[in-house]
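The values are calculated or read from the model by the stated rules, or taken from the named source; none is laboratory data. Note that the coordinates shown come from a computational prediction; the quantities given were computed from them, not determined experimentally. With ideal geometry, Cβ positions are generated from the backbone for all residues, glycine too; neighbour counts draw on all protein chains shown. Side chains are part of the model used for accessible areas, which takes the heavy atoms of the whole protein and leaves out ligands, DNA and RNA. Shrake-Rupley method; radii C 1.70, N 1.55, O 1.52, S 1.80 Å.
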Amino acid sequence: MKILIARLNHETNTFSPVPTPLAAFSPTYGEAAYRDNKGMRTGMAAFIDLAEAAGATLVTPVSATANPSGTVHAAAYDELTRRIVDAAPGCDEILLDLHGAMVAEQTDDGEGDLLARIRAAAPGVPIGVALDLHGNITEKMVRNADVMVGFKTYPHIDMYETGAHAGRLLLEMAQGGTRYGVCCKRLPLMSHTLRSTTLEGAMQGAVEAARGAERSGLPALSVFAGFSLADIDAPCMSVVATGRAQDMAAAQAAADDLAQQIWQRRAEFVYRSEPLEQSLHHARALAQGATRPVLLLDHGDNCMSGGTCDTMDVLQTALALGLDRIAVGPLCDPEAVAALTDGGVGAELEVALGNKVPLERIGLTKKPLRLRGTVRAISDGSYTVTGPIYTGQRCHMGRTVLFDIGAAQIVVTEQTHEPWDLGVFHCVGLDPTRFRYLLLKSRMYCRPVFVPLSAGLVECDSPGVTTSDYARFPYQRVRRPVFPLDAI
């Protein structure tokens, strides 16, 4: 038995100015793609383990994943998808670790078009797909897959388990067992990322209902929050069921029922921000008498939703309000890194920091903040993730500088980077637990590591391309009416 196993992940924010060329994916091919995933906590790693346990021959044409950013360049999409499609003929099964919200220059439905091409290249070959919880599910995706399973956690800590779930079902098909099919119910509901956490609220309830359906015998039921920062036809929530081919009516009924439950609680998937100054006053109150830092989460500029990681609104407002003992990072500014590195450790100098990437798609241009301080450390910005997300992965932020401006110590990097590990601070010798405030450009991924170390967290909305204020986004292609843009 020959099994094709591949990974291609991108969550596309069509409003983001951050480019997505081929290099952004850091792709590896063949044996290198296998090595990059074997022993890791990815969906592809689970596919590899299952295939090897079954004694199968593995074909691993590509492993490619890029941080969320702008529309994928046409050449990158063509190259990466071509490698997967070309490897499909002659395989007995196909297992794909995809995201579900990829938009490329030539297609708004990156995954759907890929699956359709694979189906055409390898007709009759079972296809199983593991997807991110934030996938924007399309009819083309559903029509061209035999098994489809999504993450059930956000922050995402079940990538491997999701791959294992999809892989087990597809292997059953190959071994002559039950045949499966996929069905879907999509809602006219754009959920907010901060309301898609599975730790609480309506999303937690929906995912628990899906788990209950699986415990009752449904092969797979997945709730997809969608990714609303994409100006496409339907960046919306959906429920996807994988059912037994002879009983797809029951699978569709389960998807319909859960979708109806979600719709009844649709208002709970809407996030309403408070003014930034109000958030920071709240943070100051939390910090009074605290022995651990208060987290300031700048979710308006989060690179894991396509942010530039260079807006300065939260830090500038915090400084204006007199907050101090702030650790900040990572802030991406290659020009500032070059100037600070040239100065060397111990140098005192003034730099223009941040606000350098124009946010033209949402009509914003900002001026850099001029700050004077001391270079405390310089490193290569490398560290290894300790978990629970991407455990064991080696991360590289580019050259990284610790810049001390008195009231704040700022980790400045050459590359955008999500603070999903203490390594973003430790790599420049900084202990984040010694500060009164930690200002992180993050929504969710930081929480498993940083929340246990903190006295509390405050969500700070700032004007960036991942802001929680939908009014800032000039949607033109979204099918209307849709909640909450329209009062349905």
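Quick one: in region 29-45, of everything that is farther than 18 Å from Val385 by Cβ and either touching a helix residue (DSSP H, G or I) at 6+ places or on another chain (Cβ under 8 Å) or aliphatic (A, V, I, L, M) (or both), which residue is most open to solvent (accessible area, probe 1.4 Å)?
Tyr29
How many residues does region 221-235 hold that are farther than 10 Å from Asn136 by Cβ and assigned to a loop (DSSP other than H, G, I, E, B)?
2
Against the condition touching a helix residue (DSSP H, G or I) at 6+ places or on another chain (Cβ under 7 Å) and open to solvent by less than 10 Å² (accessible area, probe 1.4 Å), how does Gly135 come out, does it pass?
In short, no.
Cβ-Cβ under 8 Å, sequence separation 6+ or interchain: first residue in region 361-379 and within 17 Å of Ala338 (Cβ to Cβ), partner in a loop (DSSP other than H, G, I, E, B) and of a type in the set (Lys, Arg). Which pairs?
Hits for this filter: Pro368/Lys356; Ile378/Arg399; Ser379/Arg399.
Tell me which of these Gly128 doesn't satisfy, since it passes every other one: (1) touching a helix residue (DSSP H, G or I) at 6+ places or on another chain (Cβ under 6 Å); (2) surrounded by fewer than 24 Cβ atoms within 10 Å (Cβ to Cβ).
So Gly128 meets the others, but not (2).
Count, please, the residues in region 305-324 that happen to be at negative phi and either touching a His at 6+ places or on another chain (Cβ under 6 Å) or open to solvent by 20 Å² or more (accessible area, probe 1.4 Å) (or both).
Residues that pass the stated criteria total 7.
Being open to solvent by less than 20 Å² (accessible area, probe 1.4 Å), in contact (Cβ under 8 Å) with a residue 24 or more places away in the chain, in contact with an Asp or Glu (Cβ under 6 Å, 6 or more places away or on another chain) and not basic (Lys, Arg) is true for just one of Phe227, Phe269. Which residue is that?
Unique residue meeting the criteria: Phe227.
Is it fair to say Ala87 is without any contact (Cβ under 8 Å) to a residue 12 or more places away in the chain, among the small types (Gly, Ala, Ser), open to solvent by 10 Å² or more (accessible area, probe 1.4 Å) and over 24 Å from Arg394 (Cβ atoms)?
Criteria not met by Ala87.
Which of the residues that make up region 465-476 are surrounded by 13 or more Cβ atoms within 10 Å (Cβ to Cβ) and at pLDDT 95 or above?
Matches in region 465-476: Val465, Thr466, Phe473, Tyr475.
Hey, which of the strands (runs of 3 or more DSSP E) in region 340-421, taking only ones fully inside, have at least 2 residues that are open to solvent by 10 Å² or more (accessible area, probe 1.4 Å)?
Those strands (runs of 3 or more DSSP E) span 348-353, 369-379, 382-384, 394-396.
Does any residue of region 276-294 turn out to be in a strand (DSSP E or B), touching a residue at least 60 places away in the same chain (Cβ under 8 Å) and surrounded by 14 or more Cβ atoms within 10 Å (Cβ to Cβ)?
Checking region 276-294: at least one residue is in a strand (DSSP E or B), touching a residue at least 60 places away in the same chain (Cβ under 8 Å) and surrounded by 14 or more Cβ atoms within 10 Å (Cβ to Cβ).
Could you check region 453-488 and list, in sequence order, the residues that are touching a helix residue (DSSP H, G or I) at 6+ places or on another chain (Cβ under 8 Å) and not in a loop (DSSP other than H, G, I, E, B)?
Leu453, Gly456, Leu457, Val458, Glu459, Cys460, Arg472, Phe483
Which of (1) open to solvent by 70 Å² or more (accessible area, probe 1.4 Å); (2) of a type in the set (A, V, I, L, M); (3) under 29 Å from Ile378 (Cα atoms) does Ala249 not meet, given it meets every other one?
So the condition that Ala249 fails would be (3).
Which residue pairs have Cβ atoms under 9 Å apart, sit 6 or more places apart or on different chains, and have a first residue in region 385-404 that is of a type in the set (Phe, Trp, Tyr) and a second that is surrounded by fewer than 21 Cβ atoms within 10 Å (Cβ to Cβ)?
Correct list of pairs: Tyr390/Met40; Phe403/Thr374; Phe403/Arg376.
Checking the conditions here, which among Ala202, Ala213, Ala206, Ala164 is of a type in the set (Gly, Ala, Ser), modelled with pLDDT of 95 or more, within 21 Å of Ile48 (Cα to Cα) and in a helix (DSSP H, G or I)?
Exactly one residue qualifies, and that residue is Ala164.
For Leu438, indicate whether it is in a strand (DSSP E or B) and either open to solvent by less than 10 Å² (accessible area, probe 1.4 Å) or hydrophobic (A, V, I, L, M, F, W, C) (or both).
yes
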